[in-house]
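Below is one structure, written out as structure tokens; comments come after it.
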Amino acid sequence: MAAENGFLTQFVDETTFYNRIVLSHLLPANLWEPLPRFLQTWLRSYLTGNLFYFISGFLWCFYIYYLKRNVYIPEEVDFPTADTWRQRMVTQFVDETTFYNRIVLSHLLPANLWEPLPRFLQTWLRSYLTGNLFYFISGFLWCFYIYYLKRNVYIPEDSIPTRKAMIQQILVAVKGMPWYTLFPTVSEYMIERGWTKCYSTLDQFNWFLCFVYIVLYLVIVEFGMYWVHKGLHDIKFLYKHLHATHHIYNKQNTLSPFAGFASHPLDGILQAAPHVIALFIVPVHLITHMSLLFLGGIWTTCIHDCIHGNIWPIMGAGYHTIHHTTYKHNYGQYTICMDWMFATLKVPVAEDNGLHQKAKFD
């Protein structure tokens, strides 16, 4: 204890010495000696900070701009203005999306069918074709795996959806696909116009900041999708005319990976809107935005297969199946966090019967 007090006394003596050295050379004693030690220390830091800032700045500017004029710094440097920088960003966005259009469309259509189209229509056509390919390939492969190769392993026999139910879901999804894919097309148009905080190169932020912004982007998306989804249930007009189309699949034997996009087009657009709203709030890379939209599509497929993965805090299919059967729980998209925060979470209980895991809903 005595040793600790000795150290504290040394600290006080040392900082008092620094205060006296600085303040006695810069101010009359009657201005600073009556002050408490805390204010003396702040005053010393404030004065030395200003002195350092101005002296170092003026000396260095005098040296490089006058004594060594035109040696280190050219006489006229074309520093980009904010408008010039934004124009470069817009050009990079246009070049990048043009590249994606060419990669996809040149492999799927003859050049004379898509090259004469305006860029907006080319982008929509690329989104529409890739959206359909993704929907059918992922849906068929996943259904083939869980309903045939692993039949009665993940899904009990009486919970496998009928072929008729899946065909009905596909027909609804196909009708909505032109409108679903119009949404990312519009988002890319806004990005290309420079209206959002989206960026195209990593030289503006370090990797840590990029990671922080991605996390913030996902938090905003999760928060927005929760409340949009909840609103589609709580507002009777929206539920009746929009969301009810998706909720005709309200039992395990009517849900399948094809049900993810079987909804009213405006319903799907509203639930995806937070992805674009977040672009006006948080800076994210163009590829990050496009990748998360794509992953959102994959996730929408996965959470309708009724297989409860039970990975905390992921909003797996077990949680979403409860949502389809109770209508008032588990509104979240990727995680259970928002449902936990706003008291709408209902947790599935898994039971192993030796053949498969069957979700019981309390």
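Restricting attention to the range 190-203, the residues that are open to solvent by 50 Å² or more (accessible area, probe 1.4 Å) and in contact (Cβ under 8 Å) with a residue 24 or more places away in the chain total 4.
Going through the range 133-149 one residue at a time, which ones are surrounded by fewer than 17 Cβ atoms within 10 Å (Cβ to Cβ) and closer than 21 Å to THR300 by Cα?
Residues of the range 133-149 that are surrounded by fewer than 17 Cβ atoms within 10 Å (Cβ to Cβ), as a first pass: 133-134, 136-137, 140-141, 144-145, 148-149.
Once the filter is applied, which keeps residues that are surrounded by fewer than 17 Cβ atoms within 10 Å (Cβ to Cβ) and closer than 21 Å to THR300 by Cα, the range 133-149 yields LEU133, PHE134, PHE136, ILE137, PHE140, LEU141, PHE144, TYR145.
Only one entry in THR325, THR288 is surrounded by fewer than 22 Cβ atoms within 10 Å (Cβ to Cβ), under 27 Å from VAL215 (Cα atoms) and among the hydroxyl-bearing types (Ser, Thr, Tyr), namely THR288. Residues of the range 219-227 include none that is among the acidic types (Asp, Glu), out of contact with any strand residue (DSSP E or B) (no Cβ under 9 Å at 6 or more places or on another chain) and under 22 Å from TYR334 (Cβ atoms).
Please identify the pairs in which a residue from the range 1-19 that is hydrophobic (A, V, I, L, M, F, W, C) has its Cβ atom under 8 Å from the Cβ atom of a residue that is at pLDDT 85 or above and surrounded by 10 or more Cβ atoms within 10 Å (Cβ to Cβ), counting only partners at least 6 apart or on another chain. Listed pairs, sorted by first residue: VAL12/ARG37. Every condition in (1) closer than 30 Å to HIS308 by Cα; (2) in a helix (DSSP H, G or I) holds for ILE155 except the one numbered (2). Residues in the range 98-115 that are in a helix (DSSP H, G or I), over 19 Å from ILE287 (Cβ atoms) and out of contact with any helix residue (DSSP H, G or I) (no Cβ under 9 Å at 6 or more places or on another chain): HIS107, ASN112.
Just checking, does the range 156-163 include any residue being open to solvent by less than 30 Å² (accessible area, probe 1.4 Å) and in contact with a Cys (Cβ under 7 Å, 6 or more places away or on another chain)?
To start, the set of residues in the range 156-163 that are open to solvent by less than 30 Å² (accessible area, probe 1.4 Å) comprises 156, 159-161.
Add one more test, that the residue is in contact with a Cys (Cβ under 7 Å, 6 or more places away or on another chain), and what stays is 159.
Yes, that holds for at least one residue.
State which residue is modelled with the highest pLDDT when the search covers only the range 189-234 and only residues that are of a type in the set (Val, Ile, Thr) and assigned to a loop (DSSP other than H, G, I, E, B). Give the steps one after another, and end with the answer.
First, the residues of the range 189-234 that are of a type in the set (Val, Ile, Thr): 191, 196, 201, 212, 214-215, 219-221, 228.
Those still in the list that are assigned to a loop (DSSP other than H, G, I, E, B) too: 196, 201.
Values: THR196: 89, THR201: 76.
Here the residue is THR196.
In the range 247-268 there is at least one residue matching the filter, namely being open to solvent by 10 Å² or more (accessible area, probe 1.4 Å), in contact with a Phe, Trp or Tyr (Cβ under 8 Å, 6 or more places away or on another chain), within 19 Å of HIS324 (Cβ to Cβ) and of a type in the set (Gly, Ala, Ser).
The values are calculated or read from the model by the stated rules, or taken from the named source; none is laboratory data. From a predicted model like this one, the values you see are computed outputs, not experimental measurements. With ideal geometry, Cβ positions are generated from the backbone for all residues, glycine too; neighbour counts draw on all protein chains shown. All accessible areas refer to the heavy atoms of the entire protein, side chains included, with ligands and DNA or RNA removed. Shrake-Rupley method; radii C 1.70, N 1.55, O 1.52, S 1.80 Å.
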